[in-house]
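The values are calculated or read from the model by the stated rules, or taken from the named source; none is laboratory data. Nothing here was measured: the structure is a model prediction, and the numbers come from that model. Glycine also receives a Cβ, built like all others from the backbone with ideal geometry; neighbour counts cover every protein chain displayed.
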């Protein structure tokens, strides 16, 4: 996502308001979901109540690891959220690029018609 944001910052691409809003809505919806679910993510770090059988005792640490280690669900979903924030910023920049290019084109038409 870093390259996407860098391209937008350099003005390498632009997107109109309608297209930008269509891209921003699902990004913002997903970011809102991640924020709402943070309390549930914290629960995944806790030892699950599976009982005291041999199988349960084997599964308890495994489930915590799957949820929270470097490759775990929580780690990955939070990284995904960070990339969504970068994408959101890039799209907003691309929308500004479009507005600037549109204004320059309009000014060019106005100067040519005089």
**Residue list for segment 2-19, restricted to those being surrounded by 11 or more Cβ atoms within 10 Å (Cβ to Cβ) and within 15 Å of the chain's Cα centre (by Cα)** = 4, 5
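Per-residue answers, yes or no, for (1) within 19 Å of the chain's Cα centre (by Cα); (2) more than 30 Å from residue 96 (Cα to Cα); (3) at pLDDT 95 or above:
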| site | (1), (2), (3) |
| --- | --- |
| 21 | yes, no, yes |
| 30 | yes, no, yes |
| 35 | yes, no, yes |
| 43 | no, yes, no |
| 49 | no, yes, no |
| 61 | no, yes, no |
| 68 | no, yes, no |
| 72 | yes, yes, no |
**Complete:** Residue count, segment 35-62, condition in a helix (DSSP H, G or I), touching a helix residue (DSSP H, G or I) at 6+ places or on another chain (Cβ under 9 Å) and surrounded by 15 or more Cβ atoms within 10 Å (Cβ to Cβ), comes to 2
**Message:** Condition first: within 14 Å of the chain's Cα centre (by Cα) and either in contact (Cβ under 8 Å) with a residue 60 or more places away in the chain or not in a helix (DSSP H, G or I) (or both). Can you find one or more residues in segment 91-109 that meet it?
**Reply:** yes
**Complete:** (1) assigned to a helix (DSSP H, G or I); (2) more than 24 Å from residue 2 (Cβ to Cβ) all hold for residue 27 apart from (2)
